[in-house]
Each structure stands twice: as structure tokens, then as C-alpha cells.
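Worksheet: one structure, shown below.
What follows draws every value from the coordinates through simple rules; no lab data is involved. Keep in mind that this is a model prediction, so the values were computed, not measured. Reconstructed Cβ throughout: ideal geometry from the backbone, glycine too, with neighbour counts over all protein chains shown.
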Amino acid sequence: MTALIARLLMVAGLFFFFATTIGILRFPDFYSRMHAAGKGDTLSSLLLLSGLALVNLAGAPLTFDNILVSLKIMAILVFIFLASPTATHAIIDAGYASGIEPWQKPGTSKEGDDDLAV
Amino acid sequence: MEALLIAKYNYWIYIIIMMIGLYAMLAKNNLVKKVIGMGIFQTGIIIFYVSVGAKKDGNIPIVEHATSGHQAINILDYTNPLPHVLMLTAIVVSVGTLGVALAIALRIYNRYQSLEEDEILEQIND
Amino acid sequence: MIWQFDIILLTLIVLCALFTISIKDLLGAAIMFGAYSFLMCLLWTEMGAVDVAFTEASVGAGVSTILFLAIVHRSTRRVKVRQRGRIFYKGLGLTASLMMGGLLFYASSDFPAWGDPLAPASNHVSPYYLLHTLADTAVPNVVTSVLADYRGFDTMFETSVILTAGLAVLIVLRLDGSRTGGPVRKMARPIAKGYEDTIIRFISRAMAPFLQLFALYVLAHGHHSPGGGFQGGVILGATFILLAISYDLQLVVQTFTEKTALILANIGLLIYSGTGALCLLLGHNFLDYAALAKIIPGATTVTARSDGIMMVEIGVALAVMSIIVIIYTNLVSDGTYEKGL
């Protein structure tokens, strides 16, 4: 039972990784690509690591060593959840400070980007 | 010949990685690219040594102690730890060498305003 | 040892190496070198070399990338593109690489098959280490016991090499007499002055104590899990680099001054060789930790070796941490500690 949930979590994590990669390749400009990379990477890492923590508990009996290893994986999870969005924020801020223009859909006028010049 | 091919292709790829690093050190114009080539060469050698010690179905070289009692340790179960020790030293020395190489490149840039080797040689030869 | 995984990883590694040396932008080359190092880590973990992969992940992919970024920040980002020329050097490089590669290919026919458990490299000294490490030193991690006990001289001189590298960086960047060119040159690419960001600063400040706690954990658990002195020391140094990047270089330089760093690095090497000298004073050979059983209360020779390994790992961690901070702060500020990354 635990093994089934663990496998479902890992497959979901892989699916989000795949979606992230497609997003990085197909989105038109820097900001949307970083959006896909940051959020997709964090979520898929979280799902994969949760799946791994459960896989560790699934096979062997529930000893203290096994629970300790799963707790350590959870600690890595918390760290990734804190650090990865911050890194994405740093990259996007650096891109904005270097003056990268967001992508405009070709054919529309450029009146609506006053709200970016805050 | 087939046995040679299948059993040895890993070494060939390590040799390719080392030669990429050597080519970058010799033929590239930019000083930082040469340093990157040095780094690629170093990691290529490290992977060569580590693969020499690898064993099929070998576990990591951390010997179980209390759980298995003090029964005999089967050395075929564990990968060879000796290349790992040598390569640990090599990695840390490589980062020291990298720091010194980049410091020298920075001094050269401050003096000649360029990181390209041919421009530096022109300025020296004037 | 899954060969499909190996093939995919090796192909990616070769592609990364080729892209790294041919990309026309130094910043991109530095980032791709970091990606190449991470792929190498994955490959080494898959081959069972977890200690080596841990060291490369912290040192090669972490600190090396930031050192490359520091030099790109201080110099230029462009690589000059030339249409023709340097054919001679490229031809020479290609010939030399191909000849050397050809010789190595020919020599590789003599190698044992990859992953062979009965290869000669695994047959002479290393079975002794694997079989006797628990009985001799009570340290399950064979790599740590070989590094700090059986081959302890190597590690002591390696620590002195790290110390020398830090001193060399200081000396190379501080020769003020030969700084020709007049006034201090302006920076090549002006960065946003005083760029501060609450989120980055808060997260770095909140994470740094936990990172240092993790580094001490890695140092202390080197006996039972992959880790040890080098990895712990590098992660400790990396926390200072994190604070220097997210805040200001001045913050780190004023708290962790150059004098403190140099003194700590020397204390680290002193702890290592001092442990050896202590063993010498107590009547045994240099770095024979069994002598410490005489002064540590309630220790047998076996646990004394374990304690001796712990002491020298602490020395190594101190030295490595200080030298990483020295190398970074000097590279990124050109020896002047004025403006940082």
C-alpha cells in the first residue's frame, strides 16, 4: 500500500519534470521560462523526494533507522522548498535589472506595459 | 574484438573527455577557457580512477558493523575504496589550483586589459 | 552499475564538455561547467564513489562555479570571435590530442574489463583496508579511515597544499608595487549600485545557521556516512560566500577578517600536525593515533584511533573553510576588499 502511494508520487514527480522541460523549451521569453523552471522544478523535486521517503519505509519493517532516513529526506525537502523559489526570484530580478523586455504578442499595441515601470 | 568493444567502451569515453580538456588547454585563445579545459581534464582523470575501482554489484565502501555482527566481510561486496581516497585529495587540490590560476588570469587582465592570448602576446612583443 | 544509465550520463557529459569549451560567452561557460560537474557527481554516485561525489558536488560544482563567476565579474564576459587565424595552434592542439588519445586507446586494450571484481587494482592493498578497518579503527566508513589513518601523511600534506594555494592567491593579487597602469581601472560592467533584496537577504540569513549546522553534522558523521573534514569545511566556507553574495562583501570581510581566516587556517594545519607530534611525544610513531589512548580517559587503542581521526578531520575542516573564504574574497574584489559581487 505504501509502495503504491510512493510509486504514484514518483510518477507524478517525473510528469512534472517532463512538463517543466517542455515549458523551458517552448515558452517565448525569459520570464515565462523562469516561471516554468522555478515552479516546476520545486514541485517535481518535492514529489519525487516524498516518494523516495515513502519507498524507504515501504519495504523494510519500521525500525528507527528507516524513520531517521525518511526524516532526513524530509529535511532536504524543506530546504529545497525554501531555497529553490528564492533562487528563481534572484534570477528573475537580475534579468529585470538588466533590462530584458517581456514578450509581447505580435500584433498588439504597447500601451499596456505602464504597470511594469513601478 | 566484440568483447573488446563492449567491455572497454567506458574507458574510450573517458579518454575522449580527457582529450577534450587537453585540446581546450592547447588550442583555445581565451585564458579562462584554458582554465576550464584544465578542469575538464582533471575531472576526466578522476572519473578514470574511480571507474578502475568500481565493481559490478558492489555496494558503497561503508562496512556494516553492529547489525551484521562481526561476521566475515566479503570484499567482493564493496567497491574498492583506495581510488576514492586518492581522488578526494585530487579534487581538493584541483580547487586550490583553480583559485591560483584564476588569480593569475585576473592579474594578467589588470595589466593588459585583455584575456585573449594573442592580444597579450602582441602587447608583450611591442 | 546500470549500464544504460552510464551510457546516457556519459553522452550528456561529453556534450556538456564540448559546449563548455565552445560557447562564446564566459558566463555561460561557467554555468555549463557547473552543470558538467553535477553530471559527473551523478556518474560517480552511480559507480559507488559517494565520498568523491559529495566532495565534487560541494567543491567542483559549488565553489568552482562561484570562482569562475567572480573572475567573469572582475574582467570581461566576451570571448573574442575570430573568423580565421590560429589555424596553426588549433592544428597543433588537435594533432597532440589525437596522438595522445590514440596512444591511450591502444593502451586501453590492456585494462581490465570495467567493473571486474577481480581487477588488479582491487587485489593487493585494498582488501586489507576493507577487512581490517573495523578491527583497527572502529570506523565503518573505509574512505575516512584510509584517508585519515592509513594514509594520513597524504592528507596532512594536502592540507598544507590548500594552505599554500590560499597564500599564493593572496601573494599574486597583492603585489602593489607592480600594479602598472596608473589609477585603479574602472570595472568593466557596472552593476546596479547597492542592489538589495529583502527576500534574498532574509532567506540567506535564515538559512545560514542551518547550513553551518549541516556542515558540522557532515564533519562529525564522516565516520559512519559519506562526509568528513573536506566536505564539512567546504560547506562552512560556502555559507560565508552565500552571505557575501546576498549582502555585501564588506559584511563578511569585517566579521571574518583576513587575519582571522589566516590564523584559523594555520590552526587547522597545526591541529593536524600537532596530533601527529602528540603521538610522537607519547612514544609512538608520528600520526600513530594509538598513542592517544594514554591521554584520553577510558579509551582503548581502537577507539583512540577513531578519536584521532576525528581530531585531524576538525583540523582539515578549519583549514579548508578559511582558505575557501580567502580565495573567494580576494578573487572577487581583486585583493582590495572594496566592492564585491
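Shown for chain B are the DSSP H helices of 30 Å or more along their axis, judged by Cα atoms, with a mean Kyte-Doolittle hydropathy of at least 0.5: B:2-27, B:31-52, B:82-112.
Helix content alone sets the calculated 222 nm mean residue ellipticity of the protein assembly as shown: runs of n ≥ 4 DSSP H residues at -39500 (n - 2.57) each, divided across all residues, give -23500 deg cm²/dmol. Here the range B:2-125 is treated with +1 on each Lys and Arg Cβ and -1 on each Asp and Glu Cβ, and its dipole about the Cα centre works out to around 100 debye. Label reach from residue C:199 (point 7 Å along Cα→C-beta): in the range C:224-244, no amide nitrogen lies under 12 Å.
Across chain C, the relative contact order, built from alpha-carbon pairs under 8 Å that are at least six residues apart, equals 20 percent.
When chain C is treated as a GNM with alpha-carbon contacts under 10 Å, the residue of C:259, C:90, C:24 showing the greatest mean-square fluctuation is C:90. Note on residue A:35 and residue C:294: their simple-model spin labels are 7.2 nm apart, each label 7 Å out from Cα toward Cβ. When the square roots of the Cα gyration tensor eigenvalues are ordered a ≥ b ≥ c, the ratio a/c for the protein assembly as shown is under 1.5, which makes its shape rounded.
Put in line by how crowded their Cβ is, counting other Cβ atoms within 10 Å and starting with the fewest, C:129, A:31 read A:31, C:129. Where is the GNM fluctuation largest for chain A (alpha-carbon springs, 10 angstrom cutoff): A:84, A:98, A:32? Maximum fluctuation in the GNM of chain A, among the listed residues, is at A:98. Going down the list A:72/B:55; A:39/B:33; A:105/C:80; B:8/B:56; B:8/B:55; A:39/C:24, which pairs span over 25 Å between their C-alpha atoms? In this structure, A:72/B:55; A:39/B:33; A:105/C:80; A:39/C:24 lie more than 25 Å apart at Cα. A simple rule links phi to the HN-Hα coupling: the Karplus curve 6.51 cos²θ - 1.76 cosθ + 1.60 with θ = phi - 60°, which for the range C:107-121 gives 6, 6, 6, 8, 5, x, 4, 5, x, 6, x, 9, 5, x, 5 Hz, with x for Gly and Pro. Pairs of Cα atoms nearer than 8 Å and 6+ residues apart set the relative contact order; for chain B it is 25 percent. Each Lys and Arg adds +1 at its Cβ and each Asp and Glu adds -1 at its Cβ; summed about the Cα centre, chain A shows a dipole of about 540 debye.
In a shell of Cβ-Cβ distance under 15 Å around residue C:208, excluding residue C:208 itself, what net charge do Lys and Arg (+1) and Asp and Glu (-1) give? Summing Lys and Arg as +1 and Asp and Glu as -1 gives +1.
Highest mobility in the GNM of chain C, judged by mean-square fluctuation with C-alpha springs under 10 Å and restricted to C:125, C:14, C:161, is found for C:125. With kT/(6 pi eta Rh) evaluated at 37 °C and eta = 0.692 mPa s, and Rh the Kirkwood radius from Cα pairs, the range C:1-80 diffuses with a coefficient of 248 µm²/s according to Stokes-Einstein. Each residue of the range A:74-86 was assigned a 3J(HN,Hα) from its phi angle through the Karplus expression (A = 6.51, B = -1.76, C = 1.60, θ = phi - 60°), giving 5, 5, 4, 4, 4, 5, 5, 5, 7, 8, 5, x, 5 Hz with x at Gly and Pro.
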